[in-house]
Amino acid sequence: MNWYGIKAIYIHEMERFRRTLFQSLASPIITTSLYFVVFGSAIGSRITEIDGINYGSYIVPGMIMLTILTQSISNASFAFYFPRFTNTIYEILAAPLSSFEIVLGFVGAAASKSLIIGCVIILTANFFVDVRIDHPLLMMFFLILTSITFALFGFIIGMYAEGFEGLQIIPILIITPLVFLGGSFYSINMLPEFWQKISLLNPVLYLISGFRYSFYEVSDVSLLTSTLTILTILIGCIIFITYTFSKGYRIKD
Amino acid sequence: MKNILEINNVTKFYKNSVKALENVNLNIKEGEIFALLGPNGAGKSTLINSICGIVNFNTGTIKINNMDIVKNYRTTRKITGIVPQELNLESFETVWNNVNYSRGLFGKKPDHNYIEKLLKQLSLWDKKDNKIKELSGGMKRRVLIAKALSHQPKLLFLDEPTASVDVELRKDMWDVVKKLNKDGVTIILTTHYIEEAEELSDRVAVINDGKIILVDEKDKLIKKLGEKTIKIELFESVKKINGNLSKYNFTLDQTNKIISHTYNLNSNTTDITELLNDLKKDGYKIKDINTEQSSLEEIFIKLIQENNNELVRN
Ligand SMILES: Nc1ncnc2c1ncn2[C@@H]1O[C@H](COP(=O)(O)OP(=O)(O)OP(=O)(O)O)[C@@H](O)[C@H]1O
Ligand SMILES: [Mg+2]
């Protein structure tokens, strides 16, 4: 293993995060606060609690998931697309690094950033509502796994994108709707039966549900299904990346 | 001397089915400076990038130190460095971080003393904390060189190292290249400046349309490059080439008024004086004289034509 190489990529990416620390953190903090104001206060005055949990607290796990998903994807896709765009990728290609090591460096950094942001959101949420974490280890398990999985997903987008617009399309068209419709801000039990069935086709629902269980021990679906879902997406991404690299496709002409 | 690089039958198509390299065979000896010449689009960068792992090639094998560059990429890439043709750099990084990053990528332990020495050698030390975007083009090119040298390679590729570099800096750069070579680094460079190839290289290859059409010692090629043509325009046309004039090897244009005579600057004597004397003796009056030196581009074309003729003859 070329550990120095992995570390170089990792540090290089984290350095960018540090340079733009204010923007990187300000945006999730402001968004979270806005959600609390809008959803927590406005809707929360109507819906006081779901599954016995105060509404404001209930939406915290979903909000973290929303941020983790979008941040992991955008960080990883940008991080890998950027050197392709500026052509600085020549150096990574010429270095004695295996595809696995390259992925490890980029995805590791993107996932780390998401984790940091996730923790910041939990702290921010604490200012507005009570956040209780019944199963901290399980919570960390989901947080880390989701960060890695969606950083891998973002890496794929970064490999295939043909322009900066391309980086945005999948997050906007697919991920954001899936997260909003995946019960970030409500329980699917509140929906008519037909829409409940439809919601069960949404993989993000399982992620949010499992994650919420680690906080309040309430969930829409079983913990096992949630765990299997995230693992399936993770493995899917790994297989896809391995396949793309084995074809030498997308990165080298 | 042993070959540090062996290229066998390498062919490369780009996705748009442009054939960029065709059956390239080339051996580079350890310790030499090798210049790759050729017109735009000849395939120079493609060849270098294939060797360095930046593009995939389709068929053939490339070996560095007798190791296949695909199978043994970890070992071969560790000793290889490349300075790309374009100024591909990340604008917001500092010089110092950028160069140390490169060393890391190549799997080497940090060595701040070495990087400091390197930056000083390339006159970049006072810029070490500057962001790349604050540097001039020539400085950026030197940052690329520093990056390529950050992991102490044994085999260095320089893809047009002195493009966009002023004359004085070019001389400095040449010194750097010579010094590296003296320290045991084998160097392969591409250039459009013939003086550069002349100044630096031991051997030269000419590549055209994806094919290597000539590999030669520099000195031999320079002989060809030293050819000049003198054009002598007369008031009246040459009627017959006989007597004194028959010993010259000149050609006439359609009007028989312009004599083209080719001679070599590198030979100790030229017969221009005699030719002018003999013309005078035969009563010709000279209207105008000018000389033309074949440009690199013309030499390419001539070499390609010769090469094509040879192919036809065989
Ligand atoms: N990424 C690419 N995709 C498709 N075709 C390419 C690509 N890069 C180069 N080519 C084509 O391959 C051929 C060789 O290009 P290459 O860059 O190797 O030439 P070169 O000898 O380095 O030229 P120059 O002196 O202009 O740098 C050209 O026809 C070029 O158009
Ligand atoms: Mg080129």
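The values are calculated or read from the model by the stated rules, or taken from the named source; none is laboratory data. Note that the coordinates shown come from a computational prediction; the quantities given were computed from them, not determined experimentally. In this analysis, Cβ positions are derived from the backbone assuming ideal geometry, glycine residues included, and neighbour counts consider all displayed protein chains. Accessible surface is based on the protein model in full, side chains and every heavy atom, while ligands, DNA and RNA are left aside. Shrake-Rupley method; radii C 1.70, N 1.55, O 1.52, S 1.80 Å.
When the Cα positions of A:Leu228, A:Ile47, A:Ala109 are compared along the charge dipole of segment A:3-247, A:Ala109 comes out farthest toward the positive end, with charges on each C-beta of Lys, Arg, Asp and Glu.
Backbone geometry of segment A:200-215 corresponds, through the Karplus equation with coefficients 6.51, -1.76 and 1.60 at θ = phi - 60°, to 3J(HN,Hα) couplings of 5, 7, 8, x, 5, 3, 5, 5, 5, 4, x, 5, 5, 4, 5, 8 Hz, x marking Gly and Pro.
In terms of the mean number of neighbouring beta-carbon atoms within 10 Å, the peptides A:24-36, B:163-175 order highest first as A:24-36, B:163-175.
What number, rounded to the nearest 500 deg cm²/dmol, is the helix-based mean residue ellipticity at 222 nm of chain A, given -39500 (n - 2.57) per DSSP H run of at least four residues and division by all its residues? Value at 222 nm, helices only: -24000 deg cm²/dmol. Beyond 21 Å in Cα-Cα separation lie the following of the pairs B:Lys19/B:Lys140; A:Lys7/B:Lys147; B:Lys29/B:Lys120; B:Lys120/B:Lys182: B:Lys19/B:Lys140; B:Lys29/B:Lys120. Restriction of the trypsin sites (Lys or Arg not before Pro) in segment A:1-104 to DSSP coil positions whose beta-carbon has at most 13 other beta-carbons within 10 angstrom yields A:Arg46. Using the rule -39500 (n - 2.57) for each DSSP H run of four or more residues, divided by the residues of chain B, the 222 nm mean residue ellipticity is -10500 deg cm²/dmol.
3J(HN,Hα) along segment B:164-175: 6, 10, 6, 4, 5, 5, 4, 4, 4, 4, 4, 4 Hz, from the Karplus curve 6.51 cos²θ - 1.76 cosθ + 1.60 with θ = phi - 60°, whole Hz, x for Gly and Pro.
Mean per-residue shielding of peptide B:138-146 is 0, counting Cβ atoms of other chains within 10 Å of each Cβ.
Charging the Cβ of each Asp and Glu at -1 and of each Lys and Arg at +1, and nothing else, the dipole of segment A:3-247 about its Cα centre rounds to 360 debye. The convex hull built on the alpha-carbon positions of segment A:1-99 has an orientation-averaged projected area of 8.8 nm². Once C-alpha pairs closer than 8 Å and six or more residues apart are averaged by separation and normalised to the residue number of segment A:3-247, the relative contact order reads 26 percent. Separation of segment B:173-248 and segment B:63-118, taken as the distance between their Cα centroids, equals 33 angstrom. Projected label points at A:Cys119 and A:Gln168, each 7 Å from Cα along the beta carbon direction, are separated by 3.2 nanometres. Backbone phi angles across segment B:207-213, fed through the Karplus curve with coefficients 6.51, -1.76 and 1.60 (θ = phi - 60°), yield HN-Hα couplings of 10, 9, 6, x, 10, 7, 9 Hz in residue order; Gly and Pro are listed as x.
For peptide B:84-92, the mean count of partner chain Cβ atoms within 10 Å of a residue's Cβ comes to 4.
When the accessible areas of A alone and B alone are added and the area of the pair subtracted, with a 1.4 Å probe, the result is around 2700 Å², both sides summed. For a straight C-alpha distance cut-off of 20 angstrom, the lysines reachable from B:Lys281 (same-chain residues fewer than eight places away being disregarded) are B:Lys231, B:Lys239, B:Lys240, B:Lys247, B:Lys257. Across segment A:120-253, C-alpha contacts under 8 Å between residues 6 or more apart give a mean separation that, scaled by the residue count, equals a relative contact order of 31 percent. A 1.4 Å probe run over the protein chains yields, for chain A, 44 Å² of accessible area per residue, whole-number rounding. Remark on segment A:1-22: accessible area falls by at least 50 square angstrom from chain-alone to full-complex state for A:Tyr4, A:His12, A:Arg19, probe 1.4 angstrom. Within the accessible area of chain A, the carbon and sulfur atoms contribute 70%, probe 1.4 Å, all protein chains present. Summary of the geometry: segment A:196-211 and segment B:9-24, compared by the centres of their Cα atoms, lie 50 Å apart. Among the residues of segment B:103-135, those with an accessible-area drop of 40 Å² or more from chain alone to full protein complex, heavy atoms and 1.4 Å probe, are B:Leu105, B:Phe106.
With all protein chains kept in place, the per residue accessible area of chain B amounts to 50 square angstrom at a probe of 1.4 angstrom. Under the criterion of Cα pairs below 8 Å and six or more residues apart, the relative contact order for chain B equals 19 percent. Distance between the C-alpha centres of segment A:65-126 and segment A:215-241: 21 Å, rounded to the whole angstrom. In the frame of its principal axes, the protein assembly as shown has Cα extents of 119, 52, 44 Å, reported largest first.
Tell me the carbon and sulfur percent of the accessible area for segment B:1-118, rounded to whole percent, probe radius 1.4 Å. The value for segment B:1-118 is 48 percent carbon and sulfur by accessible area. Antiparallel beta bridges, as assigned by DSSP with both residues in the protein assembly as shown, represent about 70 percent of the total such bridges.
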